[in-house]
1. Check which residues have an amide H placed less than 5 Å from THR258's amide H, if you skip close sequence neighbours.
2. Of all the accessible heavy-atom surface of the chain, with the other protein chains kept in place and a 1.4 Å probe, what percent is carbon and sulfur?
3. Expressed in nm to one decimal, what extension gain is obtained for the pair LEU195 and GLN284 from 0.36 nm per residue of sequence separation less their Cα-Cα distance?
4. Which entry in (i) 65, 54, 30; (ii) 53, 46, 42; (iii) 50, 50, 44 matches Cα extents along the principal axes in Å derived from the coordinates of this structure?
5. Probe radius 1.4 Å, ligands and nucleic acids left out: which of VAL201, VAL108 has the largest accessible area, and how do the rest follow?
6. Hey, can you list the DSSP H helices of the chain whose Cα span along the axis is 15 Å or longer and whose average Kyte-Doolittle score is at least -0.5?
7. Write down the accessible area per residue of the chain in Å², having rolled a 1.4 Å probe over the full set of protein chains.
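The values are calculated or read from the model by the stated rules, or taken from the named source; none is laboratory data. These numbers were taken from a predicted model, which means no experiment stands behind them. Note: accessible area is taken over every heavy atom of the protein model, side chains too, but ligands, DNA and RNA are not part of it. Shrake-Rupley method; radii C 1.70, N 1.55, O 1.52, S 1.80 Å.
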Amino acid sequence: MSARPLRGIAFMLAAVAVFACMDALLKFLTAYYPPLQVAALRGVASLPFIALPLLLTGRGRELLAHRPGMHALRGLLMVVIMVGFLYAVRVLSLADAYAIFLTAPLMVTALAALALRERVGWHRWLAVVVGLGGAVTMLRPSASGLVLWGVIGAFVSAFAYACNAILLRVLTRTDTTASVALWSIGVMAVVSALLAANGWVEVRAAHLWALAAIGLTGAVAQLCLIEAFRSAPASVIAPFEYTALFWGILIDWVIWETLPALRVLTGGAIVIGSGLYIIWRERQLALAPPTAARAAAGNVPP
């Protein structure tokens, strides 16, 4: 599989923008339904948008899973991602939740080095550490237990997302984009529904439009995300998820008429700066002669 970084970056930017629209709708629904139920509804609403176009055009074979165990694991990780993030946005602003969740791309860069053995030299390791420092800058100790649990939920969601991204990089070597999206979201929907069954709240007819929009945006964003990780190394495209903070600020301002505190903007600037440095460093290594690139990555003496 040849790397196409520009294609991967374009798909990642699109995925982040569409996910932000979906997250705003999910935040709206968490005011009426438990997080696990919202996660189940999000999964069920997306499945038709993924499967029906292929089934109606006779391309159903693209939905076959070649690694069912990994699909199931990714589905379970998506339950953790969704529930943690939904709980976070239930008690935090969208921008604050994104600010904490922005640690995920840094974790992806680190995990890509440890799990996929992608070359990440000390310069990029330093950028990861600085970026995590920026994430800490965005946090503010609070006496509110709800806020504390919201922060924890966002961090747990971020770590699960980073693990999920690594699985994506492996799964897309053998399975189609539609297959990866369908089975992972399907497992998430089933597991979330089973866990939410005891506290299930009847869905209001007035919210059906939101469910349809979540289904469409969720399917489109997931397909874009998978294509991004299929096209380029995780350590290259992950930093572009930092654009989520801009979308979070914009949506909070337009819909909920709130703006992030200075600490969020300061910490966000540090995290984004770290990501941009990682991108620049990746490009420098790509342009360097092979021996110099290996030396810069720490694989041979300079």
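1. Here TRP253 satisfy the definition.
2. Numbers: 9760 of 13630 Å².
After summing per-atom areas, the C and S share lands at 72 percent.
3. Gain on extension, LEU195 to GLN284, equals 27.3 nm.
4. (i)
5. On the way: VAL201 55, VAL108 0 Å².
Final ranking, largest accessible area leading: VAL201, VAL108.
6. Details: long enough: 5-29 (35 Å, 1.74); 35-56 (32 Å, 1.61); 68-91 (35 Å, 1.52); 103-115 (17 Å, 1.81); 122-138 (24 Å, 1.09); 145-171 (38 Å, 1.84); 177-196 (28 Å, 1.96); 208-231 (35 Å, 1.40); 262-287 (37 Å, 0.89).
Long hydrophobic helices here: 5-29, 35-56, 68-91, 103-115, 122-138, 145-171, 177-196, 208-231, 262-287.
7. Each residue of the chain exposes 45 Å² on average to a 1.4 Å probe.
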